[in-house]
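Engineer: Questions regarding the structure given below will be posed in turn.
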Amino acid sequence: MKIILAAPRGFCAGVNMAVESLDLALQRFGPPVYVYHEIVHNQHVVQTFRDKGAVFVDQLEDIPAGSNVLFSAHGVSPAIRQLARQHDLRTIDATCPLVTKVHLEAIKYAKAGYTIVLIGHEGHDEVIGTMGEAPEAIVLVENEAEVDALEIADETKLAYLTQTTLSVDDAGRIIRRLRQRFPDIESPPKDDICYATQNRQEAVAAFSQQADAVVVLGSQNSSNSQRLRELGADEGRPAYLVDGPQDLKLEMFHKDMTVLVTAGASAPESVVSQTIEWLETHFDAIVDNQSIREENVVFPLPRPLRDLAKQSG
């Protein structure tokens with residue numbers, strides 16, 4: 001078997017920042033440190049932090065007053081921030097700066113009286129947080145049919161934003177339909193879909209043409225990981241999204257295959273290594289590392305943790 005190990009893969013700068021933030025908060029404050037929703041959408045990462053004393057909650061009311069709470073990489077709405085203040089919670093904001101960018105764009109357009117079309121997946125933590133910035137001004141669409149059904153009162157004040165972890169191709173189709181219906185629709189000067197999401201999708205599109213199957217490391221509730229699996233399937237390859245080698249079955253593969261292995265932006269490299277080892281053990285696989293580009297992006301830690309990082313470093 002030949003394994004094409006794609007790069008870039010795995011943790012992005014936003015996930016690295018969020019994971020390091022929770023690690024430092026546990027060191028500085030001791031357990032429990034509460035986290036509003038999952039720190040990132042990966043079961044391995046979440047369980048690792050549970051074992052260290054992090055407590056993941058879906059309701060701020062479940063957190064004792066005066067406790068430390070970390071907001072995850074996906075961001076939260078102003079209402080959640082206000083609720084945290086009312087409950088006397090000490091907050092650490094680990095929102096990815098690229099998500100914050102979308103929040104600020106929503107605020108800007110809403111203040112200017114625009115209707116905002118948000119392209120995203122209903123119920124996703126990031127979408128909930130973004131819509132919370134201006135719920136009266138934002139309408140969510142998930143596909144072209146929903147664009148066709150839009151009724152906009154003032155088409156001269158219309159803009160679109162996107163969830164950061166979407167499929168570039170899917171978002172592009174929806175944007176083209178928006179521009180067909182509303183030729184004057186405005187958009188931010190820079191795309192909202194994050195660099196890491198685009199890079200991982202480009203790598204799968206490039207390398208899957210050489211492969212017989214695609215294995216994506218990531219959890220089922222990870223939007224960007226799901227997009228990688230879908231992209232592999234769109235290339236006509238059997239494509240599997242798994243948390244680790246425990247989810248693989250021997251009948252998925254045979255020894256003469258070429259298998260593309262990649263990882264979503266919230267999947268740790270340790271599970272990639274375990275999966276490679278599983279394929280090597282069962283199929284005598286050899287690894288061919290292939291990369292489309294290097295990533296050197298680093299995001300700063302939340303302000304309350306920066307001094308601590310310097311001390312521990």
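The values are calculated or read from the model by the stated rules, or taken from the named source; none is laboratory data. These figures come from a predicted structure and were not determined experimentally. Methodologically, a virtual Cβ is constructed for each residue, glycine included, from the backbone with ideal geometry; neighbour enumeration extends over all protein chains shown.
Engineer: For the condition within 23 Å of residue 164 (Cα to Cα) and outside the structural domain of residue 273 (by TED's automatic domain parsing), what is the one hit in 235, 202, 186?
Structural biologist: None of the other options fit; the residue is 186.
Engineer: Follow-up. I'm trying to understand the selection: among the residues of region 32-65, which are in a loop (DSSP other than H, G, I, E, B), surrounded by 14 or more Cβ atoms within 10 Å (Cβ to Cβ) and modelled with pLDDT of 95 or more?
Structural biologist: As a first pass, look at region 32-65 and keep what is in a loop (DSSP other than H, G, I, E, B): 32, 37-42, 53, 58-59, 63-65.
Then keep just the ones that are surrounded by 14 or more Cβ atoms within 10 Å (Cβ to Cβ); that gives 32, 37-42, 63.
Those that are in a loop (DSSP other than H, G, I, E, B), surrounded by 14 or more Cβ atoms within 10 Å (Cβ to Cβ) and modelled with pLDDT of 95 or more: 32, 42, 63.
Engineer: Output the residues belonging to region 66-79 that are among the aliphatic types (A, V, I, L, M) and in a helix (DSSP H, G or I).
Structural biologist: 79
Engineer: Residue by residue through region 118-168, note down the ones that are without any contact (Cβ under 8 Å) to a residue 24 or more places away in the chain and in a helix (DSSP H, G or I).
Structural biologist: Selection gives 145, 146.
Engineer: Turning to a different aspect of this structure: Just to check your reading of the model, which residue among 239, 203 is of a type in the set (A, V, I, L, M) and within 18 Å of the chain's Cα centre (by Cα)?
Structural biologist: Among 239, 203, only 203 is of a type in the set (A, V, I, L, M) and within 18 Å of the chain's Cα centre (by Cα).
Engineer: If a residue has to be among the polar types (S, T, N, Q) and assigned to a helix (DSSP H, G or I) to count, how many in region 80-93 make the cut? Break it down into steps so the answer makes sense when it comes.
Structural biologist: Let us first name the residues in region 80-93 that are among the polar types (S, T, N, Q), namely 82, 86, 91.
Among the residues that remain, those that are also assigned to a helix (DSSP H, G or I) are: 82, 86.
So the answer is 2.
Engineer: Still on this model: In region 187-198, what residues are exposed (fewer than 15 other Cβ atoms within 10 Å of the Cβ) and within 18 Å of residue 115 (Cα to Cα)?
Structural biologist: Scanning region 187-198 gives a single hit, 189.
Engineer: Taking residue 103 as meeting all but one of (1) under 17 Å from the mean Cα position of the chain (by Cα); (2) within 30 Å of residue 206 (Cβ to Cβ), write down the number of the exception.
Structural biologist: For residue 103, the failing item is (2).
Engineer: Select, from 271, 261, 214, the only residue that is within 21 Å of residue 18 (Cβ to Cβ) and assigned by TED's automatic domain parsing to the domain that holds residue 285.
Structural biologist: 271
Engineer: Could you tell me whether region 94-105 includes any residue that is part of a loop (DSSP other than H, G, I, E, B), closer than 21 Å to residue 26 by Cα and touching a strand residue (DSSP E or B) at 6+ places or on another chain (Cβ under 7 Å)?
Structural biologist: For region 94-105, residues part of a loop (DSSP other than H, G, I, E, B), closer than 21 Å to residue 26 by Cα and touching a strand residue (DSSP E or B) at 6+ places or on another chain (Cβ under 7 Å): present.
Engineer: Would you confirm whether any residue within region 157-170 is more than 29 Å from residue 202 (Cα to Cα) and more than 22 Å from the chain's Cα centre (by Cα)? Full working, then the answer.
Structural biologist: Let us first name the residues in region 157-170 that are more than 29 Å from residue 202 (Cα to Cα), namely 157-158.
In the following step, the residues that additionally are more than 22 Å from the chain's Cα centre (by Cα) were identified as 157-158.
Within region 157-170 (the criterion being more than 29 Å from residue 202 (Cα to Cα) and more than 22 Å from the chain's Cα centre (by Cα)), the answer is yes, since at least one residue qualifies.
Engineer: May I ask you to say which residue of 78, 135 is surrounded by fewer than 17 Cβ atoms within 10 Å (Cβ to Cβ) and touching a Gly at 6+ places or on another chain (Cβ under 7 Å)?
Structural biologist: Of 78, 135, the one residue that is surrounded by fewer than 17 Cβ atoms within 10 Å (Cβ to Cβ) and touching a Gly at 6+ places or on another chain (Cβ under 7 Å) is 78.
Engineer: Right, here's the next one. When residues of region 87-117 are filtered for being closer than 20 Å to residue 299 by Cβ and without any contact (Cβ under 8 Å) to a residue 24 or more places away in the chain, how many remain?
Structural biologist: 2
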